Amino acid sequence: MELKHFDTLFQSLKTVSDDLVQSLSIQNLSKLVEEVQQSKVWKPLQIGNHIAKTPIVQGGMGVGISLSSLASAVANNGGIGVIAANGIGLLEKDYYKDGLNAGLNAFRKEIRKARELTKGIIGVNIMVALKDFHEMLDVAIQEKVDIVFMGAGLPIKNIPVKRLRENNISIAPIVSSSRAANLIFKMWTNLYNDVPDAVVFEGPKAGGHLGFTEEQLDKEEFQLEYILPSIVEVLKPYEKKNNKSIPVIAGGGVFTGSDIKRILDLGASGVQMATRFVATDECDANIKFKEAYVNCKKEDIGLIKSPVGMPGRAIRNQFIIDSENGKRPDFKCAWKCLATCKAQDANYCISIALNNARLGHLNSGYVFCGETTYRIKEIVSVASLIEELKVGYLLEANKTINGKFENLVTKSNELWGKYKDLVNVSREKEEDYECALRKLPQASHKALRDQYQVALSSVIKTQLQLVETVSNTWNLLKNVTKVQPLMQKEFIK
């Protein structure tokens, strides 16, 4: 069912309901209609004390791809915008003189810029594997960001939980298995008598560095659909013990509103999306970087062996091929930002390569991307992307009720027409009976009275059927879809 057809049915149902309420003064029906009209397209996502109207976390894309512009745009549209810390020092002119402080300064600047651009939720993504992880975390606390996402390692030891709590900062580790999630929560319970506020699961279809071996990427037991429910189950005892909800946010290959609906149905409370936000006006990367997404084909997307020791997904180009063949570009390492990095063995510095691509120099770098990147056909605004996702979610949600909803609305309209006709007949019979009482002999009263009572009985019976049908239709919308139609969207043809 197309959205416009759904909206037509919705308005038809509302017209019948309004007329019915006015004629019968049914307060409960009025309340039910109001609840459905005020319901949300999807449930908000709550992480700690922070509530996002749109259950989408914009994935943190390092080396300058997701900075203040993108993060604030997502936050302004109800989602959670994320600034990535890794490689952010390359934005500073003095990076090669003092890599550590350049990164901290750039990180602080971007957080402050984002705060100037939005009153929404701003998070940061800090890789545990970074040598300056704790220094970056300290900046995040000083700037009082809303949420800290911690990936590329297990955030267990020496986490300043007390300071994070004092500054109302929520914590969300990023994991690739239920085992990792359980280990983090178990250790936090023992070390800090506390637990994180949410968990992000990144599946093997994600972009950039992957938390899986190359051999695991295509195996069923490592896919999002298989692992997500197990993480939800692992967290239940911690939710009960700590008397708090611990949402799971799932990402990796999430492309459409239909995907969001499917993932939320699997038990997630929100989704993480990165790839689709690259091809937006507000993304902080150069236009050539964004155009690489729009122009790439499925066969252009492949894996690389990253200097940091993990497989990565990227748009393969001549730079990658040359590196794999041992051709070494000249590069200078400002400082060893990752202890596990083996830039000399890989023939290039990954941060420099990614930064070159960010700046639009694709011949001397490459573009990290998700598995679904080839499906992107245009660069859009963040606002229009999120609206598209809302509509896709709505249409997918409606698939489960379309036939029943349409049948109930049709039946409601038919019953409303029948009810009005019967009311008119009943009034005519009532008038005939009252006239007979005044003018005709008593013997003639009984037949007319019986006709009036039959007509009145039909009115009451149809009235009950009508109220039941209309109420059932609104309850179907309320209890199954939990959605409100989105009206007059320009991009729906």
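Please count how many residues of the range 145-156 are at pLDDT 95 or above and assigned to a loop (DSSP other than H, G, I, E, B).
So the answer is 2.
So for the range 118-135 (the condition being assigned to a helix (DSSP H, G or I) and among the small types (Gly, Ala, Ser)), does at least one residue qualify?
No, the conditions are met nowhere in the range 118-135.
Do you know which residues across the range 270-289 are of a type in the set (Phe, Trp, Tyr) and within 30 Å of Val232 (Cβ to Cβ)?
Phe277
Against the conditions (1) outside any loop (DSSP other than H, G, I, E, B); (2) buried (at least 21 other Cβ atoms within 10 Å of the Cβ); (3) at pLDDT 90 or above, where does Ile159 fall short? Just the number, please.
(1)
I need a count of the residues in the range 162-179 that are buried (at least 19 other Cβ atoms within 10 Å of the Cβ) and not polar (S, T, N, Q).
The total comes to 7.
Looking at (1) charged (D, E, K, R); (2) touching a residue at least 24 places away in the same chain (Cβ under 8 Å); (3) surrounded by fewer than 20 Cβ atoms within 10 Å (Cβ to Cβ), which is the only condition Arg276 fails?
The failed condition is (3).
Of everything in the range 243-253, what is in contact (Cβ under 8 Å) with a residue 60 or more places away in the chain and under 19 Å from Gly59 (Cβ atoms)? Give them in sequence order.
Pro247, Ile249, Gly251, Gly252, Gly253
Residue-wise test of (1) at pLDDT 90 or above; (2) polar (S, T, N, Q); (3) in contact with a helix residue (DSSP H, G or I) (Cβ under 8 Å, 6 or more places away or on another chain).
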{"position": "Lys244", "(1), (2), (3)": "yes, no, no"}
{"position": "Phe277", "(1), (2), (3)": "yes, no, yes"}
{"position": "Cys283", "(1), (2), (3)": "yes, no, yes"}
{"position": "Cys296", "(1), (2), (3)": "yes, no, yes"}
{"position": "Pro307", "(1), (2), (3)": "no, no, yes"}
{"position": "Met310", "(1), (2), (3)": "no, no, no"}
{"position": "Arg316", "(1), (2), (3)": "no, no, yes"}
{"position": "Lys327", "(1), (2), (3)": "no, no, no"}
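Could you pull out the residue among Ser381, Ser426, Ser457 that is touching a residue at least 12 places away in the same chain (Cβ under 8 Å) and loosely packed, with under 14 Cβ neighbours inside 10 Å?
Just a single option satisfies the conditions, and that option is Ser381.
Restricting to the range 68-110, and then to whatever is outside any helix (DSSP H, G or I) and basic (Lys, Arg), can you tell me which residue is surrounded by the most Cβ atoms within 10 Å (Cβ to Cβ)?
Lys97
The values are calculated or read from the model by the stated rules, or taken from the named source; none is laboratory data. Remember, predicted model here, so these are calculated numbers, not experimental data. Cβ sites come from the backbone with ideal geometry, for glycine too, and all protein chains shown count toward neighbours.
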